[in-house]
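What follows is a set of notes on a single structure, which appears directly below.
Read-outs throughout are calculated quantities, based only on the coordinates presented, and are distinct from any laboratory measurement. Just so it is clear, the structure is predicted and the values come from calculations on it, not from any experiment. For neighbour counting, all protein chains shown are included, and Cβ atoms are generated from backbone atoms with ideal geometry for every residue, glycine included.
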Amino acid sequence: MSDSPESMTAPTPVVSLDDKLALVKRKFAKDSHIEVDQALFRQDTLKAVLFVCPAKVYELNEETGECLVNFENCLECGTCQVAAREYVKWDNPQGGFGVSYALG
Ligand code: SF4
C-alpha cells in the first residue's frame, strides 16, 4: 500500500450491501432447511423476522398472510433464531449445501 498523499486522501469505495451479498457463494439444496409455522406467524403482531433477516429470506404474502421463505438466500447467520425461534424451525442446510465464506 502506498503512503503517497494521493492514496491517503482517496475516497473509500462505497459498496452496497446488495453488492456484497452477491459475492457470497452458495450451493442450493433441493429442499428447504427452514420451516415456518404459519399459524404462529400469523399470531405474531410484530413479525420481526420480516425485518431482521439480512438476506431477505422472509416475505409476507399480503394476499394470504403467509410467510414466504426464500431459503436459497440464507446466510446462516442465526438471527432468525433469536427473533422468531417460536415459529421458525431452522436447521443447517443439507451436507455440502449452503453458503461458503472465503475466511471460513
Ligand atoms: S439464518 Fe440469517 S440469513 Fe438465514 S434465514 Fe435466518 S436470519 Fe436469514
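Do you know the relative contact order of the chain, to the nearest whole percent, from alpha carbon pairs under 8 angstrom that are 6+ apart? After rounding, I find 35 percent. Here is how the number arises for the chain: DSSP H runs of 4 or more residues each give -39500 (n - 2.57), the sum is divided by the residue count, and the result at 222 nm is -4500 deg cm²/dmol. Evaluated with a Cβ-only charge set (Lys, Arg +1; Asp, Glu -1), the chain carries a dipole of roughly 260 debye about its Cα centre, given to the nearest 20. Proximity of backbone amide H atoms, modeled 1.01 Å from N, is registered between L60 and L68 at under 5 Å, excluding neighbours fewer than 5 places apart on the same chain.
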